[in-house]
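The values are calculated or read from the model by the stated rules, or taken from the named source; none is laboratory data. The shown structure was predicted, so the numbers you read here are calculated from the model rather than taken from an experiment. Here the Cβ is made from the backbone with ideal geometry for all residues, glycine too, and neighbour counts use every protein chain on show. Just so you know, the surface numbers come from the protein's heavy atoms only, side chains and all, with ligands and any DNA or RNA stripped out. Shrake-Rupley method; radii C 1.70, N 1.55, O 1.52, S 1.80 Å.
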Amino acid sequence: MKVLIVEDEKIKRITLTDALLKQGYAVLAMENPIEALNIFKEREFDVVITDIRLPHMDGLDFLKEIKTLKPETTAIVMTAYATIDTAIKAMKLGAYDYITKPFSSEELLLILERLKDFRRLVEENIKLKQEITERYSFGNIIGKSKKMRDVYELIKTVAPSDATTLIIGESGTGKELIANAIHYNSPRKDNPLIKFSCSALAETLLESELFGHEKGAFTGAVKERKGRFELANNGSIFLDDIDDIPLSMQTKLLRVLQEKEIERVGGTKTIKIDIRIICATKVDLLKLAKQGKFREDLYYRLNIVPIKLPPLRDRKEDIPLLVEYLLNKYSSKGEKKTFCPEAMKLLINYDWPGNVRELENVVERVVTLTRSNDIRVEDLPDFLMTSPEKLCDRHLIDVMTEAVSFEAAIKDMEKRLLILAIEKAGGNKSEAARILKMKRETLRDKVEKYGILELSQTMKVKS
Ligand SMILES: Nc1ncnc2c1ncn2[C@@H]1O[C@H](COP(=O)(O)OP(=O)(O)OP(=O)(O)O)[C@@H](O)[C@H]1O
Ligand SMILES: [Mg+2]
């Protein structure tokens, strides 16, 4: 970062400059604000640190000039304790922070460090927004993880064909979204996409819904009616929850797949249809087939091109991207809400059994209920609070209710800390010792004492 310091006291100017240079900042220090302003116009600085009481020009006026010339510049003001309300004026003029005199160089360095984090976050946020609109989506399917990029590739490959496609994924992983993407990227896109859930209806109704019926086919069939297959002619049909389809219907579906023809209920006429079939399931169809609950031949017919959707917990790197997308989706016009880094961490840590749908519900709810633009940890629903701190507290409470001694509890915590550090270090003990700021030998002794290594190895094998 390039820093411009404006300070008329020579000693202060020199000590600050030295301290900043030592930390790798590029520094230019000036005594006169008017000269500083001339240089500021010609050169680029990330941060300007200025005294308030200066010769030739008031520090606040200097600040105003800077913010008018280049509003993106970060300004920090140095002010004497007696003039704290000047500091507040400075903040209102757009200063990032102020520091009261006397202060040590370390205090200023701390502010600059915090500033670096802040800028990094801002930059990441901007990058994220570009990524969403640029690369990391397929239509309105969001995700940049390898797993999702593989899904996009698969969609691109199968969409143009008529291949039967089976979409497999837990609830809320986006199966319907994928079905849409396949149809609307296929040559059939101008013809209908008919959606049908196989779990919604009793067997007899199911058949007439799918295949249609002739007039008088059964009581209540007062008119002939086209079924979903016929309605989907020249387009696609999306059969959701295909595992729920009864065995008798499976046989009929197999015929549709093989012969591309149907008969309406109560009819004798064979009707040729030209459809593309997309199915979805939450369960393992092959397992059902092995149990005799699903026709194995049908399974192989459907499973020609399987698309497996990963659960959200297996692609956590997509969570910030999805959150950004959902924030835009649920914010009203002109409003810009963001999750603070701690709140985002909780969203990333949670396991999301309801996958993207659950995340979507949470974001919608929080955006609606939070007034401030800054969404904080307190604004999130309680079930997300699995922060390590909370878990640790919970563990301590467990310890106390089990009435163990103080000493035993501390030992227990010590053991847990060691395991966590070793895991975090990927099994590397020197690194684990470094994390805990502990001598390698001390760590080794403790590990031996608690017999930890075996434990962390079994954990690694499991995961
Ligand atoms: N990758 C994604 N990007 C953006 N939104 C997504 C993504 N995946 C799912 N969603 C959203 O999550 C919600 C659930 O998606 P969808 O209905 O497609 O899931 P599903 O797998 O069909 O769930 P179910 O099995 O419960 O029917 C929808 O609002 C959808 O827009
Ligand atoms: Mg669905």
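At each listed q (0.10 Å⁻¹), what is the log10 of I(q)/I(0) that the Debye formula gives for the chain modelled as equal alpha-carbon point scatterers?
With no solvent term, the Cα-only Debye profile gives -0.98.
Rounded to the nearest percent, how much of the accessible area of the chain (1.4 Å probe, protein heavy atoms only) is carbon and sulfur?
The nonpolar share, carbon plus sulfur, comes to 53 percent.
Multiply the residue gap between Met249 and Gln23 by 0.36 nm, knock off their C-alpha separation, and tell me the result in nm, one decimal place.
Numbers: separation 226, 0.36 × 226 = 81.36 nm, distance 7.35 nm.
Extra length from Met249 to Gln23 when fully extended: 74.0 nm.
Largest first, what is the accessible-area ranking of Glu72, Glu358, Glu296 with a 1.4 Å probe? The partial results should precede the final answer.
Working: Glu72 130, Glu358 40, Glu296 75 Å².
If we order Glu72, Glu358, Glu296 from most to least accessible, we get Glu72, Glu296, Glu358.
Work from the charge dipole of the chain (Cβ charges, +1 for Lys and Arg, -1 for Asp and Glu, about the Cα centre) and give the residue of Ser186, Ser430, Ile34 farthest towards its positive end.
Ser186
Any chance you could check the Cα centroid distance between the range 274-317 and the range 43-102 for me, in angstrom?
That distance is 63 Å.
Write down the accessible area per residue of the chain in Å², having rolled a 1.4 Å probe over the full set of protein chains.
Numbers: 25680 Å² over 463 residues.
Dividing the accessible area of the chain by its residue count gives 55 Å².
Quick one: of the DSSP bridges fully inside the chain, what percent are antiparallel, nearest 5? Write out the running numbers ahead of the final one.
Working: 6 of 45 bridges.
The antiparallel fraction comes to roughly 15 percent.
What is the spin-label model distance, in nm, from Ile88 to Glu123 if the labels are put 7 Å beyond Cα along the C-beta direction?
3.5
Subtracting the Cα-Cα distance from 0.36 nm times the residue separation, let me have the gained length for Ser430 to Lys101 in nm, one decimal.
Between Ser430 and Lys101, full extension yields an extra 114.2 nm.
Taking a cut-off of 16 Å between Cα atoms, list the lysines near Lys446, but don't count ones fewer than 8 places away on the same chain.
Counting by Cα, and skipping residues close in sequence, Lys446 has these lysines nearby: Lys411, Lys415, Lys429, Lys437.
Can you compute the helix-only [θ] at 222 nm over the chain? Use -39500 (n - 2.57) per DSSP H run of at least 4 residues, normalise by all residues, nearest 500 deg cm²/dmol. List each step's numbers first, then the result.
Details: 20 runs with 232 residues, N = 463.
The helix contribution divided over the chain gives -15500 deg cm²/dmol.
Which shape class applies to the range 238-291: rounded if a/c is under 1.5, otherwise prolate when a/b exceeds b/c and oblate if not, where a ≥ b ≥ c are the square roots of the Cα gyration tensor eigenvalues? Present the calculation step by step, with values, prior to reporting the outcome.
Working: a/c = 2.56, a/b = 1.85, b/c = 1.39.
In terms of gyration-tensor shape, prolate.
Calculate the dipole size of the chain relative to its Cα centre from +1 charges on Lys and Arg beta carbons and -1 charges on Asp and Glu beta carbons; express the result in debye to the nearest 20.
Roughly 1100 debye for the chain.
Charges on Cβ only, +1 for Lys and Arg, -1 for Asp and Glu, centred on the Cα centroid of the chain; of Thr86, Pro71, Asn234, which one is farthest towards the dipole's positive end?
Asn234
How far apart, in nm, are two points set 7 Å out from the Cα along the Cα-to-Cβ line at Glu42 and at Glu153?
So the label points at Glu42 and Glu153 sit 5.4 nm apart.
With 22 Å as the limit, write out which pairs from Lys144/Lys175; Lys260/Lys282; Lys67/Lys92; Lys70/Lys345; Lys189/Lys260; Lys226/Lys269 have Cα-Cα distances beyond it, or answer none. Present the calculation step by step, with values, prior to reporting the outcome.
On the way: Lys144/Lys175 17 Å; Lys260/Lys282 26 Å; Lys67/Lys92 11 Å; Lys70/Lys345 33 Å; Lys189/Lys260 20 Å; Lys226/Lys269 13 Å.
Listed pairs above 22 Å: Lys260/Lys282; Lys70/Lys345.
Aspartates and glutamates near Lys424 by alpha-carbon distance under 16 Å, same-chain residues fewer than 8 away left out - which ones?
Leaving aside aspartates and glutamates fewer than 8 places away in the same chain, those within reach of Lys424 are Glu414, Glu454.
With every protein chain present, what accessible area does Arg228 have (1.4 Å probe, heavy atoms only), rounded to the nearest 10 Å²?
Looks like 60 Å² after rounding.
Can you tell me the length gained on complete extension of the stretch Glu414 to Cys340, counting 0.36 nm per residue apart and subtracting the Cα distance?
Values: separation 74, 0.36 × 74 = 26.64 nm, distance 3.11 nm.
Taking Glu414 through Cys340 to full extension adds about 23.5 nm, to one decimal.
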